[in-house]
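> Quick one: the structure is below, questions incoming.
The values are calculated or read from the model by the stated rules, or taken from the named source; none is laboratory data. Everything numeric in this text was worked out from a predicted model, so none of it was measured. Because the Cβ atoms are built from the backbone with ideal geometry, glycine has one as well, and the counts that use them run over all protein chains shown. All accessible areas refer to the heavy atoms of the entire protein, side chains included, with ligands and DNA or RNA removed. Shrake-Rupley method; radii C 1.70, N 1.55, O 1.52, S 1.80 Å.
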Amino acid sequence: MSWGTELWDQFDNLEKHTQWGIEVLEKYIKFVKERTEIEINYAKQLRNLSKKYQTKKNSKEEEESKYTSCKAFQNTLNEMSDYAGQHEVISENMSSQIMTELIRFVQELKQERKSNFHEGRKAQQHIETCWKQLESSKRRFERDCKEADRAQQHFEKMDADINVTKADVEKARQQAQIRHQMSDDSKGDYSSVLQKFNREQNEHYHTHMPSIFQKLQDMEEKRIARLGESLKMYAEIDRQVIPIIGKCLDGITKSAESINEKQDSQTVIEAFKSGFEPPGDVDFEDFTQSIKRTVSDTSLTNTKADGKTDPKTPGKSRGKLWPFIKKNKGATPEDFSNLPPEQRRKKLQQKVDELNKDIQKEIDQRDALTKMRDVYLKNPQMGDAGSVGQKLIEIGNNIEKLRVEVQKFESWLAEVEGRLPVRNDSSRRQSGLYETQNTVPVNNCAQDRESPDGSYTEDQSQETEVKVTPTEFDDDFDDEEPLPTIGTCKALYPFDGENEGTISVSEGEILKVIEEDKGDGWTRIRRSEEEEGYVPTSYIEVYLDKNAKGAKTYI
């Protein structure tokens, strides 16, 4: 089955068909291109989605990542990022293995098609020229035959007429012979041209055009086969990433199976347990036995001495049940004394670890700069050793400050763990511990029942119902009269004041001092009636009023 024999007279239709075939191939290339764009955009969206829900550093989410369910979710996000990568691979492979190759193939196909049809048109023009020559020879032979016939008739007429001279007859006879000779020559020429045309036509329809049509058929079949191969490649590119996508999905399944609800429950216990013991039973107090109340040694209540009421809350009890402490409204103490014992210990330990890491970074930087300074001393042309020395002094100061901080937090940690005695009231005030600034005498029984955070419970003088009131820390910030100004200070360095209870200051800013450094390295200052807090004493220069007790200047 060949186009040359079956479609010998369909040159124009084949020209249109092959052009359509190339357009189909170009349409497929366009389809693959749009598919690659979809894949790359999908991969980008998947990556952005995964990145959006990734755990942020230094955030609450990072703290939550210790739970197995959160870890599984983060692993799922990581797998989705790899999943997105496979769609990028699909896009890249389709572009390089299908689009690029097909575009080059289409250009070759167009050139081949153009060459074949150019050759076919030349063959058609040649056979048409041969046909025109044949027609011309045929018409000339026909004309000469008619002229010879007329000349013969004229000669016979002249020969039969007795009135015509012999010379005229001879002339007509010669003319007829000439016309017969011309007719014979035209006949021979026509016969020769006809034979030539038949040969050319035979070669045209049985050799030249079948050869051209065969080339066109081969070209079209090659195009169709190439399209089939590309479609197979299209599927194979997808199939190649399926195992990797399957591994991504297996990873997600494995992450889901790694979730341990019991372990997460235990993590919640470790994260939030306070270290307190549950309160014991409240003993019955028999007020009929005597006017003065008798409180058992195991009672959780505490009675104010001499029946006095708290001057800050007249008619109301300042006592509280320690397991139900309200959260501070004010700043978070530096030593985390607002937290239950177990949580406080964890926070302090975490702070010590962070400070030790910072110290190690500074030490590593110091060692590197020391080596650099030694090199500069030996080779002055390489750099100024003096500039490095100044930097080493700064690093040494930073290390010393960090070590002081570590010692401070380690002392608090030792206190929590019971290795050191409890600090006095002055240090408790500065670190933000729960404390009562206007305390009143209490009986021994109440002291024995004091809660772990220093709070206690008492009943009202005229009521038997025990009420829970805010902590003394809340009272310090909510009920106290504003502290008087005892001097001014100038900020030597900027301070961010990111922790609760601190206040941010700018270099050179002048502020009011309302409480001196009690020995823990912090001074309490005020910017306005609503803005006050602690700043490091080493960051400011303090000027106390002359009439203030113990007026000094700190730098």
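> Provide the solvent-accessible area of residue 403, counting protein heavy atoms only and rolling a 1.4 Å probe, rounded to the nearest 10 Å².
Residue 403 exposes around 100 Å² with every protein chain in place.
> Further, regarding this structure: Separation of the stretch 483-551 and the stretch 96-159 by C-alpha centroid, Å?
110
> Around residue 18, under 9 Å between beta carbons, what's the net of Lys plus Arg minus Asp minus Glu among the other residues? Mind dumping the intermediate values first?
Details: positive: 16, 113, 223; negative: 15, 220.
Around residue 18, the surrounding residues sum to +1.
> Among rounded, prolate and oblate, which fits the stretch 126-260 when a ≥ b ≥ c are the square roots of the eigenvalues of its C-alpha gyration tensor, a/c under 1.5 means rounded, and a/b larger than b/c means prolate?
Since a/c reaches 1.5 and a/b is larger than b/c, the shape of the stretch 126-260 is classed as prolate.
> Which of rounded, prolate, oblate describes the stretch 96-201, given a ≥ b ≥ c as roots of the alpha-carbon gyration tensor eigenvalues and a/c under 1.5 marking rounded, otherwise prolate only if a/b is larger than b/c? It would help to have the intermediate numbers written out before the result.
Details: a/c = 9.18, a/b = 7.15, b/c = 1.28.
Judged from the Cα gyration tensor, the stretch 96-201 comes out prolate (a/c at least 1.5, a/b above b/c).
> Could I ask something else about it? Whole-Hz ³J(HN,Hα) for each residue in the stretch 127-141, computed from phi via Karplus 6.51 cos²θ - 1.76 cosθ + 1.60 with θ = phi - 60°, x for glycine and proline: what do you get?
Rounded to whole hertz, the list is 5, 5, 5, 4, 5, 5, 4, 4, 5, 5, 5, 5, 5, 5, 5.
> Turning to a different aspect of this structure: Restrict the search to the stretch 38-98; then list the chymotrypsin sites (Phe, Trp or Tyr not before Pro) that DSSP places in a loop and that have at most 15 other Cβ atoms within 10 Å of their Cβ. Write out the running numbers ahead of the final one.
Details: sites: 42, 53, 67, 73, 83; in loops: 53, 67.
Within the stretch 38-98, the qualifying chymotrypsin sites (Phe, Trp or Tyr not before Pro) (loop, at most 15 other Cβ atoms within 10 Å) are 53.
> Heavy atoms only, probe 1.4 Å: what % of the accessible area of the stretch 371-417 goes to carbon and sulfur, would you let me know? Please list the in-between numbers first.
Values: 1530 of 2970 Å².
Exposed carbon and sulfur together represent 52 percent of the surface.
> Roll a 1.4 Å probe over the protein heavy atoms and report the accessible area of residue 288 in Å², nearest 10.
120
> I'd like to check one number: the per residue accessible area of the stretch 346-391, probe 1.4 Å, reported in Å² as a whole number. Before the final figure, lay out the partial values.
Numbers: 3190 Å² over 46 residues.
So the stretch 346-391 comes to 69 Å² accessible per residue, rounded to a whole number.
> When you have a sec, figure out the Kirkwood radius of the stretch 1-102 from all distinct Cα pair distances and drop it here in Å to one decimal?
On the way: mean 1/r = 0.0565 Å⁻¹.
About 17.7 Å for the stretch 1-102.
> Any chance you could look up the accessible area of residue 382 with a 1.4 Å probe, heavy atoms only, rounded to 10 Å²?
The value for residue 382 is about 110 Å².
> Quick check for you: with a 1.4 Å probe and neighbouring chains kept, what is the accessible area per residue of the stretch 98-219, in Å²? Please list the in-between numbers first.
Values: 8090 Å² over 122 residues.
That works out to 66 Å² for each residue.
> With every protein chain kept in the model, how would you rank 537, 332 by accessible area, 1.4 Å probe, largest at the top? Don't jump to the answer; show the numbers that get you there.
Values: 537 15, 332 40 Å².
Ranking 537, 332 by accessible area, largest first, yields 332, 537.
> Please list, in order along the stretch 95-106, the HN-Hα scalar couplings obtained from phi with the Karplus expression 6.51 cos²θ - 1.76 cosθ + 1.60 (θ = phi - 60°), rounded to whole Hz, x for Gly and Pro.
5, 7, 8, 10, 4, 4, 5, 5, 4, 5, 5, 5
> Let me ask something additional. Indicate the gyration tensor shape class of the stretch 161-200 (rounded, prolate or oblate), computed on the Cα atoms with a ≥ b ≥ c the square roots of the eigenvalues: a/c under 1.5 is rounded; otherwise a/b larger than b/c is prolate and the rest oblate.
On the way: a/c = 10.18, a/b = 5.94, b/c = 1.71.
Prolate.
> Here's something else I'd like to know. Carbon and sulfur: what percent of the stretch 213-278's accessible surface (1.4 Å probe)?
Details: 2520 of 4330 Å².
Of the solvent-accessible surface of the stretch 213-278, carbon and sulfur hold 58 percent.
> Next question. State the percentage of accessible surface on the stretch 40-190 attributable to carbon and sulfur atoms; use a 1.4 Å probe and exclude ligands, DNA and RNA. Please list the in-between numbers first.
Details: 4990 of 10150 Å².
Carbon and sulfur atoms account for 49 percent of the accessible area of the stretch 40-190.
> Let me ask something else about it. With the other protein chains left in place, how much accessible area per residue, in square angstrom, belongs to the stretch 1-52 at a 1.4 angstrom probe? It would help to have the intermediate numbers written out before the result.
Values: 3640 Å² over 52 residues.
About 70 Å² of surface per residue is accessible.
> Another question about this same structure. Distance cut-off 31 Å, Cα to Cα: go down the list 27/51; 273/512; 44/66; 347/518; 351/518 and report the pairs above it. Walk me through the intermediate numbers first.
Numbers: 27/51 36 Å; 273/512 40 Å; 44/66 29 Å; 347/518 23 Å; 351/518 22 Å.
Checking Cα-Cα distances, 27/51; 273/512 exceed 31 Å.
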